[in-house]
Amino acid sequence: MNPHIRDVAVPNDWDRRGLPGWAYHSAALLELEKDRLFRNHWQIVGHVSDVPAAGDYLTMDVIGERALVVRGKDGRVRGFHNICRHRGSRVVADEQGTCKNALVCPFHGWVYNLDGTLRGAARPNSFPELDKDEFGLMPLDLEIWMGFIFIRFRSGGPQPSVAELLKPVAAEFAQYRTEEMVPSWGIWTQKSPVNWKSVRDVDNEGYHVAMAHPALQDLYGSTYYDEPFVNGVSRSFATYNPHAGRRWSVRNYVRIAPEAKHLPENLRKAWVYYGIFPNAVIATTPETVQFYQEFPLSTGETLLRGAIYRHADETREQAAARYLALRIDRDTQAEDVQLSVWSNESMLSEAFAGFYLSDLEYGVRTHHDHLRAQLPVLALETAPQEKDMAGINAALLSRG
């Protein structure tokens, strides 16, 4: 029996309705989501191994914001808005790279030190004297947890520190020693033609695995279970099915994967998924750790983003198992995209009568409850006028 690590009993007579259909197609609501969910909650940019040396950097452009993470000469990883203080140009244009000693804006040549302070403006005599700190890059909240780099676009916010947020799963997660891992294939992105919440709804429950994901069902079948969102964190856990192997990728994965003796017994044949509100997952297998997340591009298009990391001293068997796990995940993601398209498009139909959730989908409900806490307008079954959305949400918040 797979162990639960928290009290996750599903309550009796819980409200099985999900979010109303209008919430997946409202442009005004999307602007509130960007403001109250994506800008002021923690977001994963990457891993410390993505910026291993001084001058190495990562960027992330999402929800109208631009993040820049760079390792300084002192070895410290810092986060900044990727916005030049002169005219707002991108200071760094590429998604990942290395600069030697400084960051140079490609527009007018303003130069910033790796700690974000202004080194100097081009043609400095054309300006009054510029304070190096006042005109430095604008910092982002940044925290490193088990090797993963988290940033927050708006300082403060409703979440505690990342360490406090993820404390309920920290002891288990620490067994993987993820801070020592290195990149596999780099950071990937993909677009999906649905609302971001539809992506998250599919990922927040395993009820559909038996029907929709033949490879996952083959791998771990009925051993899978979900723990719902509690204080911003969920957990899903599965171990290999004793009869796994009907599908080629699964059969060879189970055959090739070496016993993970660096892990405790209960994790040596486990795939574990840790959900982080509002939009991210960190997932582990004995060979890898990965993160994936989604960001809205519009009400009907979502950016998927993630990366896989491996052991630095990986063996050939671990590398083969990592590749086979990727094949299983790749098929699963394609299946989930199709499922989310079908669900998302149905909400435009007059016949759509809302969700009616199974006990196995309680994770969907708890994620929706977290959304309602930040956006109480989501409790309204009938869509407000788009022009009134922000005002109604503010009024409901003030009552709370």
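Values computed for the structure shown
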quantity	calculated
Mean Cβ count within 10 Å, highest first, over the residues of peptides 275-286, 149-160, 46-57	275-286, 46-57, 149-160
Normalised contact order of the chain, rounded percent, pairs of Cα under 8 Å and 6 or more residues apart	21
Sum of side-chain charges, Q190 neighbourhood, beta-carbon under 13 Å (Lys, Arg +1; Asp, Glu -1)	-1
Taking only Cα atoms of region 257-396, radius of gyration then Dmax in Å	19.7, 59
Cysteines, the chain, no other Cys beta-carbon under 4.7 Å	C99
222 nm mean residue ellipticity, helices alone, for the chain (DSSP H n ≥ 4; -39,500 (n - 2.57); rounded to 500)	-7500 deg cm²/dmol
Estimated Rh, region 9-57: Kirkwood, alpha-carbon pairs, angstrom	15.1
Net charge over other residues, Cβ less than 10 angstrom from the Cβ of G306 (K, R count +1; D, E count -1)	-1
Listed peptides 386-393, 200-207 by packing density, highest first (mean Cβ within 10 Å)	200-207, 386-393
Cα centroid separation - region 27-57 against region 337-385, whole Å	24
Spatially proximal aspartates and glutamates relative to K191 (Cα-Cα < 15 Å; intrachain offsets below 8 disregarded)	D61, E294, E301, E335, D336
Taking only Cα atoms of region 41-109, radius of gyration then Dmax in Å	11.7, 33
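Just so you know, all these numbers are worked out from the coordinates, no wet-lab data involved. For clarity, every value in this text was computed on a predicted model and none was experimentally measured. Positions of Cβ are backbone-derived with ideal geometry, glycine not excepted, and every protein chain shown enters the neighbour counts.
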